[in-house]
1. Please state which one of Val273, Val268 is among the aliphatic types (A, V, I, L, M) and more than 17 Å from the chain's Cα centre (by Cα).
2. Where the second residue is open to solvent by less than 10 Å² (accessible area, probe 1.4 Å) and modelled with pLDDT under 85 and the first is closer than 14 Å to Phe292 by Cβ and among the polar types (S, T, N, Q) and lies in the range 107-122, which pairs have Cβ atoms under 6 Å and are six or more apart or on separate chains?
3. All but one of (1) of a type in the set (A, V, I, L, M, F, W, C); (2) crowded, with 21+ Cβ neighbours inside 10 Å; (3) more than 22 Å from Met313 (Cα to Cα) hold for Ala110, so report the exception by its number.
4. Contact list please: Cβ distance under 7 Å, first residue in the range 207-232 and loosely packed, with under 15 Cβ neighbours inside 10 Å, second residue in a loop (DSSP other than H, G, I, E, B) and among the polar types (S, T, N, Q), pairs at least six apart or on different chains.
5. Taking the range 289-335, which residues are outside any loop (DSSP other than H, G, I, E, B), within 30 Å of Glu66 (Cβ to Cβ) and among the charged types (D, E, K, R)?
6. Please count how many residues of the range 153-185 are more than 19 Å from the chain's Cα centre (by Cα), open to solvent by 30 Å² or more (accessible area, probe 1.4 Å), of a type in the set (Val, Ile, Thr) and modelled with pLDDT of 80 or more.
7. Among the residues of the range 71-92, how many are of a type outside the set (Asp, Glu), under 25 Å from Thr337 (Cα atoms) and in contact with a helix residue (DSSP H, G or I) (Cβ under 7 Å, 6 or more places away or on another chain)?
8. With respect to Gln248, is the statement that it is open to solvent by less than 30 Å² (accessible area, probe 1.4 Å), touching a Pro at 6+ places or on another chain (Cβ under 6 Å) and modelled with pLDDT of 75 or more true?
Amino acid sequence: MSATRAPAKREKPGTEAPAGVRPAGYAVVKAGSRGRFLLHRRASLVAAALTVLLAAVCVAYLCVGESFVAPGEAVKVILGQPSSAELVVGTLRLPRMVVGLLVGLAFGIAGALIQTVARNPLASPDIIGISQGASALTVGALTFGITSYTVLPYLSVVGGIAAAALVYVFAWRGGLHATRFVLIGIGFAIALRSVTTLFLTKGDYLVAQQAQIWMTGSLNGRGWTEAAPIGWTLVVLLPAVVWAARAQRTVTMDDDTATALGVRLGRVRLGLVALGVVLASVATGTAGPVDFVALLAPQIARRTTRTAQIPLMSSALLGAVIVVGGDLLARRLFSPTELPVGVLTAAIGAPYLIWLIIRGHRGRSGGTA
């Protein structure tokens, strides 16, 4: 009986709910006999292209260096097969690449979540004080002799959460206004940088040198030990990231519409911000403050996918491409001198930040003219 009624409903024009209500540019994907969900076509194509690009960048990372390794040998090492390149690829390059990959994923997702809540492309963890809070506590720990890279990510989380809580409290005035949130975050970022400088001046000279190198954002010397904390963090938070991808849609609505639909905006925004803060803080503790990755990746992802909200998948993939590709360029551009990846990302991100500010100023001027 049920098998004969279902086709009859689909034959009537306009009565099939998914075809009638799906927005332009979306496709209905079936999951099982009853499950259906919407999939943005362009965003899916962009995510697939970025996955291929990331794979190519990772292979290039493993192959290019002081000694060139054939791509086939690099793939053998990844698959665990015997290879003559085991030392170069498996011991020296692969662990560092995995750390860069995980750090880029975390920064990309964190930037997308925080920019979504603030509704401002300038609301990046390294702009509004979150990375600075993580850096201040981490440098303070280094100053007092805590130098274990397995401990630093957890201290960074504490510092990032504390900084984000302060920004959130001071920016809240019966609601979270985007401009106030960013401006107060910038103020806290400046103050926390001063605290970090104070720690550097009070610490031992050698420790201060180590902390300064860490603050540039570098993957040099990173390996499986540093990859474990951020890797487990991403695995544990994966269900929260899946929830965040759905919750983004409600946050991008205007407050009245979301409230009318029964969405508790305060709790949703707090959850998204908390998730972004944890990811950004763990990434900062792992590789140092690799500036502007969390700023660039979500904006490039949104412009390429042309979606209403910032796509988390594309932002994560772009973050990984930027960090891994940036570290490859930083290693080889001025060889044998090796630059920290944070120097290269800052050189790219700073002009983009200036462009965003100028573009926003022109937009407001045009609106008031």
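The values are calculated or read from the model by the stated rules, or taken from the named source; none is laboratory data. The model shown is predicted, which means the values in this text are computed figures rather than measured ones. As a convention, Cβ positions derive from the backbone with ideal geometry for all residues, glycine included, and neighbour counts pool all protein chains shown. What goes into the accessible areas is simple: the full protein's heavy atoms, side chains included, and nothing from ligands, DNA or RNA. Shrake-Rupley method; radii C 1.70, N 1.55, O 1.52, S 1.80 Å.
1. Numbers: Val273 fails: more than 17 Å from the chain's Cα centre (by Cα).
Within the list Val273, Val268, the selection yields Val268.
2. Partner pairs satisfying both residue conditions: Gln115/Ala123.
3. (3)
4. Thr225/Thr150
5. We begin by selecting, within the range 289-335, every residue outside any loop (DSSP other than H, G, I, E, B); these are 293-305, 312-332.
Narrowing further to those that are within 30 Å of Glu66 (Cβ to Cβ): 293, 296-297, 317-332.
Correct list: Asp327, Arg331, Arg332.
6. 2
7. Looking only at that region, the number is 5.
8. Working: open to solvent by less than 30 Å² (accessible area, probe 1.4 Å): yes; touching a Pro at 6+ places or on another chain (Cβ under 6 Å): no; modelled with pLDDT of 75 or more: yes.
Criteria not met by Gln248.
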